[in-house]
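FYI, it's all coordinate maths here, none of it is from the lab. It should be emphasised that the depicted structure is a prediction, and the values quoted were computed from it without experimental measurement. Heads up, the Cβs are rebuilt from the backbone with ideal geometry, glycines too, and the neighbour counts pull from every protein chain shown.
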Amino acid sequence: MNDSATDSSTTGGPRIARIVTPIATLDELVGGHPESIRNIFARGSATDPAELGDAPRGRLLALEPLGGVHLLARPVVRFLARSALWSGVGFDHGGNAGFNRWLGGHAHRFRTTVEPSELDGRPTLVLRYERNAWPVSTLRDELRSVRPGLALGPFYMRAGGRFNLIGWFGLQA
């Protein structure tokens, strides 16, 4: 992720250099613009839960509906991310299942599978919540690793027969 690339326009336009900044920690992504986080996710690969350990730390990164007012919403997202409400997940059964860590406790069990992403159809680790009560049963999380021990992805809520993108979260070993 710390490479640079040069793109050239097919219309003979100027060459544009693109620098990709390495990501060292999850906290660097908190409050990022949803489109930037989406681009990072697109370059990742389906997460192996073993890379994250049994209890990776989690953070809210961005809220998709607030992308248009990103600069105004950033302080709210940063506050929520650093609050003690949601602190990550715990994986069990060799990474095939797990739970969310809320307020120091465990809730909202999930099972994991590798499936096509709702965003781009490429493989992603999916956290499914169907065995929970509504509205948790309508949630879907996706994860891709963007560097060893660091994964991020979108979270959705099913409504009207389809998954609607709500925001972005990350996990770090």
For THR124, distant residues with modelled amide H under 5 Å away: GLU115, SER117
DSSP-assigned coil residues among trypsin sites (Lys or Arg not before Pro) in region 41-97, each with at most 11 further Cβ atoms within 10 Å: ARG43
Cα-based shape type of region 59-114, given that a ≥ b ≥ c are square roots of the gyration tensor eigenvalues and the cut on a/c is 1.5: oblate
Farthest positive-ward along the chain dipole, Cα basis, beta-carbon charges - from GLY58, ALA97, VAL126: GLY58
Per-residue ³J(HN,Hα) for region 42-47, Karplus 6.51 cos²θ - 1.76 cosθ + 1.60, θ = phi - 60°, Hz, x for Gly and Pro: 4, 8, x, 10, 3, 6
About the Cα centre, charge dipole magnitude for the chain (Lys/Arg +1, Asp/Glu -1 at Cβ), debye: 300
Backbone HN-Hα couplings from phi across region 51-59 [Karplus 6.51/-1.76/1.60, Hz, Gly and Pro as x]: 5, 9, x, 6, 9, x, 6, x, 9
Phi to ³J(HN,Hα) by Karplus 6.51 cos²θ - 1.76 cosθ + 1.60 over region 144-158, Hz, x for Gly, Pro: 10, 7, 10, 6, x, x, 9, 10, 8, x, x, 10, 10, 10, 7
Per residue, the convex hull volume that the Cα atoms of region 28-159 enclose (Å³): 109
